[in-house]
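Everything on this sheet refers to the single structure shown next.
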Amino acid sequence: MNITPLDIKKQEFVTSFRGFNKTEVISFLEMVSQEMENLIRENLELKEKLQRASEKLASYTKIESALQNTLVASQETAEEMKNAAQEKAELIIREANAKAKELIDEAYDKLADLRREYSLLKNQKAAFLVNLRSLLESQLKLLELTEKQSEKVGQPLTIKKKVELNETDVDRLVEEFKQDTEPVTEDNVVVEKTMTNDEEKQTTEDNR
């Protein structure tokens, strides 16, 4: 059974001949009762401390679990963000490469068009120079023939301005025309403006 300090204090012993000293027994019982009270009080205090420690431990355990869950969630979120950022960066790089390839292809196509146009203009220029040379030479021969025929019939040819052209003059005119039209290049195609009909008429009249 459970014995309390009060039970010890109230405990009575039967007196017998030559028994223990009653005063000493009572004093010892008082001391035992006091010590037992102290032990019970300490035991209660320890139980209370243990209870509080258990409650704190349970609270700390919950906090630790919550922190652990938060840490795991943060790591998963960080990993997801990292993967998303990497995928986005790869997508941007692919789009940039595709756009760059498209621009390069367009540039090559434009360059090819310019080269074809330059080659065409170059051929047209060469053909024009040949025709110009032929025209100048034929006009020169026509003037010489006309002068000779006029001398034969005794009627000198009257012209506003006598034009005297020889082979060297024709070559010089062709070279000057080439220099005037020199800006036609592969990188910057410049089409020189030809003479208008009025300018051609004025030139023809001056030559006559």
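Conditions (1) modelled with pLDDT of 65 or more; (2) of a type in the set (D, E), marked per residue:
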residue	(1), (2)
I104	yes, no
Y108	yes, no
D113	yes, yes
I159	no, no
V163	no, no
R172	yes, no
V189	no, no
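Taking interchain pairs and intrachain pairs at least six residues apart, which have beta carbon atoms under 6 angstrom, with the first residue in region 22-34 and at pLDDT below 80 and the second of a type in the set (A, V, I, L, M, F, W, C) and assigned to a helix (DSSP H, G or I)?
L29/I8
The values are calculated or read from the model by the stated rules, or taken from the named source; none is laboratory data. Since the structure is predicted, the reported quantities are computational estimates derived from the model, not experimental observations. Here Cβ is always computed from backbone atoms with ideal geometry, including for glycine, and neighbour counts include all displayed protein chains.
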